[in-house]
Structure formats: C-alpha cells, structure tokens
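Please read the structure below before turning to the comments.
The values are calculated or read from the model by the stated rules, or taken from the named source; none is laboratory data. Please read all numbers here as calculations on a predicted model, not as lab measurements. All Cβ positions, even for glycine, are placed from backbone atoms using ideal geometry, and neighbour counts span all protein chains on display. SASA here: full protein model, heavy atoms, side chains in, ligands and nucleic acids out. Shrake-Rupley method; radii C 1.70, N 1.55, O 1.52, S 1.80 Å.
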Amino acid sequence: MDREAYRYCSSLVSIPRQSYEQFWSSHFVDYIDKDINYSKFLKKYLLPNRPCVFSRKFTENWKCRQQWVTEEGKPSFQKLLQDFDETLVPVANCNAKEYNANPKQVMQFKEFIHYWKEYVQNGHSSRKGCLYLKDWHMARDFPEHGVYSTPVFFSSDWLNEYWDTLEVDDYRFVYMGPKGSWTPFHADVFRSYSWSANICGRKKWLLYPPGQEDFLRDTHGNLPYDVTSAELRDSGLFPRFEEACQPLEIIQEAGEIMFVPSGWHHQVYNLEDTISINHNWLNGCNIDIMWQFLQKELSSVQKEIDEWRNTMDSWHQHCQVIMKACSGIDYIEFASFLKIIAENRMAFLNACTSGDSSDYARPLSETLTTLGPYHAAFDLQRVANIIECLLCNEDFKQLDHSTLTLQPETMLQQIQDTIQSTRGQHLLYQE
C-alpha cells in the first residue's frame, strides 16, 4: 500500500460501498490484463467490494499450469496420480442434495481419477452420479509442492493468517471436477472474499450483488438450492423473485482468476473438465462485513430460542454455542482472531523501527514486508474500529471474557500506543 492509498483509507469514517445498481443491468466486469499496482486494486475493487477477472498472464508462471495440464489443455491424470495417488480427498455428489448442499464422501485420489476417466469415456455420465472433488486442503497437505503462489492482490489474508497461527485449519482449496459438475447457490464463509483460478477448463459464474439474495428467498425465508430452477418463478413459493435483478454471468477461461467480493451470492458450473484453486480470505477492507454477518447470525439464533431467555441463566452463552455450530465462529473467538492480527502488525511496525523481525514467522514477515508499513497501520486502524464496536455491543458485554488471553480494552490501548509510538519514526506518518 502506498502513501496516497493509506491517506485515503485513513480519512474514511466508514468503508464507502456505493450502490451495486450498475450490475443490475450490466453483464460486464472489469478484465485486468495489464499490470495493476496493489493500491489501485484496493481502492477500485477491495474497498468498494466489486468483482473483476484477472487474465491468464497472472498465473502463467505457476508450476501447476504446466505440470497438471496436458498439451491439449486437459487435466493430466498421469501426473496427478504420480503426485497424489492414495491421498484421501473430499468428493461431493452433484446429483444429490443434502439440505442446500451436495453430500460428501472421502475417497482415495486414485479412485476419484479412475471414476473421472470412466465418466469422460462414457460421454460425461455415470451411474455413480456427477462427482466433484472440492474443498481439498492440498496446499496444507503438500506444502513442499509449491505449485502456485498467492497473487499480491490477495495476500492481505487475515483468515488464513489466523488459522495458520493455530495450525488447525485453513481456507485454501483445490477443486477438480468433470464437465457438468457444479456448486449450488451460496455466499462464502463469514462473508469473506474469494479468489478462484482455473488451472485448466472453463467455468460459468452466476453472481448476485449483496442484497439481491433477499428477493430470492422462499416463503420460509430460505435461499434456493439452484437459482436457475423453474420453481423460482412460482410466486406462491418465491413471492419476490420478479424483483431480483438478472445474475451477472461470467465465463472464466483457463488460467484466469475470478475475484468474488464479500457477500456476493453465486452459483458455479464447470463447462469443461476443470481444475481450480480457490482461497477464502478477509482483511481490513471487509472485516466490517464479517462483523455485520456475525451480528445477523447471532440475531437469528436469539430469535429461535427467545422463549427461554428469561428461564435460562446461560442463555447468552448458549446462543454463542449455537451460533458457532452454525457459522463456525462465535464472538469470543472473533476477539481472539482480531488479537492475533493486531499482534502481528504491532510486532511488524515495531520491527520497522528496531530492525528486529524475529517476533513473527518468516512467510508472514515476507507478506507484511511486501504490503509495507502503511498497510500494517491501516490494518491496525481497522482492527481498532471493530474492537470499539465489540466493546459497545450489548451481546458481547454479556459474555465471559476470562478465556481471552488479552482483554479487548487492553488490546485497543496497545494498538493506540503502537500507532502513537511509531508515528514519525519512519515514513509511515510523515508528510
């Protein structure tokens, strides 16, 4: 992040997200084929929460673009089997529905490839259904392979930074599926951003801007499983469907990267045999959207069990337990998440002054150094803003904070002290 972008971000009282009306009637998004600097991407796409597509030039040096793909542009089953053979992988059945998703099973990679070959040979059909290898943590399972690198535009990644620190999970995935495989209608975890790079094959994306999903709910308030289903035109089932805009339809070619902003619901089809790499990620540009999402999730839980509010001493804590079971995180873990992000940036800014970078991991050090001290300061400002919101939140006040290793009030003070103590000690705040 450069000085101009930092000053712009620092001047914002809240993140400006103008109306998405231009996408209601347009079927075009920006196509980035030339070099673009990070600050411009942040101001033009991250902050306003707008989609775009990067050309194949941004993935042309990835090993997987050569090693996993044949000269004809098809998946290289032979190479993939050499690398992953008996590895256990998650596989979904696109022909089956379980709630609003596809049921999954775990199988050996070689078994999936055997199925895929037969599926292609049988004219893209099988009695087993249309199987889709998805949500595979390949980078976590095989860190030594190094078959791709995260583009700098997506490198401010608080979500995976947090899980890497805990060493228990991540949100970096590989998808492999035959022509016809697909992902039902959804928005991404915690309303995060996502980026998806096609290693080979083509995808069709149907995207709805934030807010449009409310017109797609049925009479019970549920979102559709398949947004292209004819039943959505039944006004008795989906009374507001006619008010929704047409989805933004994007065809993603081999090598291209799709940037999906926060809260954009989408449905995705593989038009050919396709391999893709997908990351979910959060940072200072959309952390407020995550916080809004968590408040809505908690509100929904509270409404469901409101009748026990006055008869259950631990009602607020039970709401948090249910919320975490449904969404994957509760308010206390969210505070812990913010703490880790803040501590890493405070250590980085202090290291900029002292020259000692031993307090944080090397990969993170490289990322923070690439993004620069302006970005670290912006991140701290955004964390401080959300902590202030937490401290004012009545539901958060009701919780037991004793499990937190650092109280939010103390963390907020440390952030403010760090920003103040580093002011003027390097170029960050100088005019």
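Database remark: amide H of residue 87 closer than 5 angstrom to the amide H of 109, 110 (H placed geometrically; neighbours at sequence offset of 5 or more, or on other chains; Pro and chain starts carry no H).
Sequence-ordered 3J(HN,Hα) estimates for region 366-374 from the Karplus curve with 6.51, -1.76 and 1.60 and θ = phi - 60° stand at 5, 5, 5, 5, 4, 6, x, x, 4 Hz, glycine and proline given as x.
The residue list 342, 323, 354 was ranked by how far each Cα lies along the charge dipole of region 321-414 toward its positive end, using unit charges on Cβ atoms, and 354 comes out on top. For the chain, relative contact order (Cα pairs under 8 Å, six or more residues apart, normalised by length) works out to 18 percent.
In whole angstrom, the chain maps to an equivalent ellipsoid with semi-axes of 36, 28, 22, each derived as √(5λ) from the alpha carbon gyration tensor and ordered largest first. Applying a 4.7 Å cutoff between beta carbons, the unpaired cysteines of the chain are 9, 52, 64, 200, 245, 285, 319, 326, 352, 389, 392. Net charge of the neighbourhood of residue 32, taken over other residues with C-beta under 13 Å away and scored Lys/Arg +1, Asp/Glu -1, is +2. Label-to-label distance for residue 144 and residue 98 is 3.3 nm, based on points extended 7 Å past Cα in the beta-carbon direction. For region 286-425, the carbon plus sulfur part of the accessible surface works out to 47%, probe radius 1.4 Å.
Decide, for region 261-361, between rounded, prolate and oblate: order the square roots of the alpha carbon gyration tensor eigenvalues as a ≥ b ≥ c, take rounded if a/c falls under 1.5, and otherwise choose prolate if a/b is larger than b/c, else oblate. It comes out oblate by the Cα gyration axes. Bridges between two residues of the chain, per DSSP, are antiparallel at a rate of about 95%. The residues of the chain expose on average 47 square angstrom of accessible surface per residue, using a 1.4 Å probe on protein heavy atoms. Could you tell me the relative contact order of region 286-425? Use alpha-carbon pairs under 8 Å, at least six residues apart, and round to a whole percent. After rounding, I find 27 percent. Evaluated with a Cβ-only charge set (Lys, Arg +1; Asp, Glu -1), the chain carries a dipole of roughly 1000 debye about its Cα centre, given to the nearest 20.
Once all protein chains are placed together, residue 370 keeps about 100 Å² accessible to a 1.4 angstrom probe.
Sum up the charges of everything whose Cβ sits under 13 Å from the Cβ of residue 192, counting Lys and Arg as +1 and Asp and Glu as -1, but leave residue 192 out. It works out to a net charge of -3.
When the chain is treated as a Gaussian network with alpha carbon springs shorter than 10 Å, the biggest mean-square fluctuation among 125, 354, 300 belongs to 354.
Here the spin labels are modelled as points 7 Å beyond Cα on the Cα-Cβ line, and at residue 394 and residue 353 they lie 4.0 nm apart.
In this structure, the amide hydrogen of residue 181, modeled 1.01 Å from its nitrogen in the peptide plane, lies closer than 5 angstrom to those of 270, counting only residues at least 5 positions away or on a different chain. Accessible surface for residue 296 stands near 140 Å², nearest 10, in the context of the full protein assembly shown (1.4 Å probe).
How large is the helix-only mean residue ellipticity at 222 nm for the chain, computed as the sum of -39500 (n - 2.57) over DSSP H runs with n ≥ 4, divided by its residue count, in deg cm²/dmol to the nearest 500? About -11000 deg cm²/dmol.
Each residue of region 219-224 was assigned a 3J(HN,Hα) from its phi angle through the Karplus curve 6.51 cos²θ - 1.76 cosθ + 1.60 (θ = phi - 60°); the sequence is 5, 9, x, 8, 7, x Hz, with glycine and proline shown as x. The lysines whose alpha-carbon is closer than 27 Å to the alpha-carbon of residue 63, local same-chain residues fewer than 8 away aside, are 34, 74, 79, 110, 117, 134, 179, 203, 204. Each part reduced to its alpha carbon centroid, region 44-112 and region 195-264 end up 21 Å apart. The relative contact order of region 182-332, computed from alpha carbon pairs under 8 Å that lie at least 6 residues apart in sequence, is 36 percent. Each residue of region 288-302 is assigned a 3J(HN,Hα), and the resulting list reads 5, 5, 4, 4, 4, 4, 5, 5, 5, 4, 5, 4, 5, 5, 4 Hz, derived from the Karplus form 6.51 cos²θ - 1.76 cosθ + 1.60 (θ = phi - 60°), x at Gly and Pro. A Gaussian network model of the chain, with springs between Cα atoms under 10 Å, assigns the largest mean-square fluctuation among 301, 268, 189 to 301.
Hey, what angle do you get for helix 331-354 against the long axis of the chain, alpha-carbon based, 0 to 90 degrees rounded to 10? The helix 331-354 is inclined about 70 degrees to the chain. The charge dipole of region 286-425, taken about its Cα centre with unit charges on the Cβ of Lys, Arg, Asp and Glu (plus for the first two, minus for the last two), comes to roughly 340 debye.
Charged neighbours of residue 201, selected by a Cβ distance under 13 Å, balance to +2 (K, R count +1; D, E count -1). Of 127, 240, 172, the residue with the greatest mean-square motion in the GNM of the chain, using alpha carbon springs below 10 Å, is 127.
What does the C-alpha gyration tensor say about the overall shape of region 286-425? Classify as rounded when a/c is under 1.5, otherwise prolate if a/b is larger than b/c, or oblate. Here region 286-425 falls in the prolate category. In terms of modelled amide H atoms, which long-range or inter-chain residues lie less than 5 Å from the amide H of residue 52? The answer is 259.
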